[in-house]
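Engineer: Sharing a structure below in structure tokens format, with a few things to ask.
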Amino acid sequence: MKQDFYDVLGVAKSATEAEVKKAYRKLAMECHPDRNNGDKAAEEKFKLVTEAYEVLRDPDKRAAYDRYGHQGVRGAGAGGGFSSMHFDLSEALMVFMRDFGLAGGSSGFGGSLESLFGGSGTRRDRRRGHDIKVGLKLTLAEVASGATKTVRIKSLDTCPECAGSGAKAGTKPVQCGTCGGSGEVRRQAQSLFGQFLTVSPCPTCAGEGSVVHSPCLRCGGDGRVKTEKTIQIDVPAGVADHHYLTLRGQGVPGPRNGPRGDLIAVLDIKDDPRFERHGDDLVYDLAITYAQAALGAEVQVPTPFGQSTLRIEPGTQTGMAYRIRHKGLPRLGEGGHGDLHVRIHVWTPTKVTPEQRKLLEKLREIEDAPPEKEEGGKFWETIRRALGAFGE
Ligand SMILES: [Zn+2]
Ligand SMILES: [Zn+2]
């Protein structure tokens with residue numbers, strides 16, 4: 001179970017941006033890796049507080065988090081999960097530095113990025129392949145029901161000739177002489193918090209610990225070859241435009257059997273001209289005739305799940321909204337559905353047939369006048385409420 005981001009930073013749900021920033025700065029200074037001699041627990045805490053900070057400092061991400069919890073910004077879902085964050089240490093350090101490093105006025109932080117990030121460049125991270133980003137276009141119907149999308153991507157795959165080792169057939173990579181196979185070199189450096197030890201990837205083998213003397217003829221020693229492939233992405237129901245799906249380990253493999261990057265699908269949801277979307281709720285504008293409004297009627301309205309029957313009550317006014325429960329979009333990670341609001345507009349005909357004219361003229365003679373505004377009354381109350389109801 002993931003810790004609540006507000007608890008992580010020790011701030012109230014109502015905390016201002018400044019309070020979030022202040023809380024983060026204090027915690028990040030305490031658990032900053034440069035202050036903790038490579039202590040793993042401190043490093044994990046640093047990553048966590050930075051992740052919490054990146055969500056809570058951003059009004060959009062914070063709103064998504066407040067609404068959906070971790071699901072809104074990351075977490076599990078069919079086929080991968082939502083993610084806007086998955087910091088490794090160097091990214092977390094970069095966030096800290098972006099917001100506090102230079103502002104602190106310290107030459108230690110303003111100086112060499114190389115030395116600062118050197119400490120975090122673990123062998124594994126360095127060799128990891130790239131993430132692949134793809135855009136996924138979705139219709140509102142697909143958001144409503146969930147969808148399996150097929151995308152074609154250009155990527156790299158493990159070289160079949162050398163099985164990814166990069167070494168020519170009949171040879172093997174050999175241990176790196178510079179680092180003795182560890183992939184790391186250590187040196188002293190200076191930072192905001194004083195002297196510290198940096199561990200950086202070995203310049204000879206780029207952190208791999210081994211070198212290839214006779215490269216594979218097919219891949220030139222890289223261990224990867226170009227490929228194009230089709231992949232399927234399961235999109236859970238109820239996603240929104242600010243979400244993206246991360247398929248772990250579906251990105252480009254690292255060179256010479258390095259770990260794979262992720263595949264990140266950025267969602268692009270096409271507007272459906274029929275509906276206005278307000279989170280999980282939808283609004284549909286329905287025009288009805290004066291007679292339907294006055295006498296009541298049964299009408300068909302579209303929903304993302306097909307047609308639905310709506311009973312219009314006698315005496316329905318323009319601006320009144322009917323709610324069809326559970327016909328909105330699925331609630332991501334919560335179960336259930338939002339509602340469909342049907343906003344009524346009484347339609348006035350612009351052309352009338354002779355027969356209609358006769359009836360309308362007759363009606364005009366005998367109908368009641370609408371209520372005066374000063375009297376207040378239900379009609380004006382309805383209009384006032386309607387104008388405020390969906391305004392943003
Ligand atoms: Zn090869
Ligand atoms: Zn080396």
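Taken together, the values in this text are just the output of simple stated rules run on the coordinates, not laboratory data. Computed from a prediction, not measured in an experiment: that's the story for all the values here. Here the Cβ positions follow ideal geometry from the backbone for every residue, glycine too, while neighbour counts run over all protein chains shown.
Engineer: Calculate the length of the line joining the C-alpha centroid of the stretch 1-53 to that of the stretch 228-277, in whole Å.
Structural biologist: Comparing the Cα centres of the stretch 1-53 and the stretch 228-277, I get a distance of 28 Å.
Engineer: Per residue of the stretch 7-21, in order, report the coupling 6.51 cos²θ - 1.76 cosθ + 1.60 (Karplus, θ = phi - 60°) as ³J(HN,Hα) in whole Hz, putting x for Gly and Pro.
Structural biologist: Once θ is set to phi - 60°, the couplings for the stretch 7-21 become 5, 4, 8, x, 10, 6, 4, 8, 4, 7, 4, 5, 5, 4, 5 Hz.
Engineer: Around CYS176, under 11 Å between beta carbons, what's the net of Lys plus Arg minus Asp minus Glu among the other residues?
Structural biologist: Details: positive: none; negative: GLU184, GLU208.
Local net charge: -2.
Engineer: Another one. Name the residues whose placed amide hydrogens come within less than 5 Å of the amide hydrogen of VAL235, ignoring near sequence neighbours (fewer than 5 apart) on the same chain.
Structural biologist: ALA147, THR148, LYS149
Engineer: Go through 141-152, 352-363 and give me the packing order, highest mean Cβ count within 10 Å leading. Please report the intermediate quantities before stating the final value.
Structural biologist: On the way: 141-152: 15.7, 352-363: 10.7.
Going by the mean number of other Cβ atoms within 10 Å, highest first, we get 141-152, 352-363.
Engineer: By counting other Cβ atoms within 10 Å of each Cβ, how are VAL252, VAL225 ranked from fewest to most? All intermediate terms of the calculation are to be shown ahead of the outcome.
Structural biologist: Working: VAL252 22, VAL225 17.
Placing the least packed residue first, the sequence is VAL225, VAL252.
Engineer: Moving to a separate point now. Which ordering of VAL342, VAL134 is given by a fewest-first count of other beta-carbon atoms within 10 Å? Mind showing how you got there, number by number?
Structural biologist: Details: VAL342 23, VAL134 17.
Placing the least packed residue first, the sequence is VAL134, VAL342.
Engineer: To continue, here is another question. Can you list residues whose amide H is under 5 Å from PHE305's amide H, if they're 5+ apart or on another chain and H is modeled 1.01 Å from N?
Structural biologist: Long-range HN contacts for PHE305: none found.
Engineer: So how do CYS176, CYS216 line up by other beta-carbon neighbours within 10 Å, fewest first? Working shown, then result.
Structural biologist: Details: CYS176 19, CYS216 23.
So the ranking, lowest neighbour count to highest, is CYS176, CYS216.
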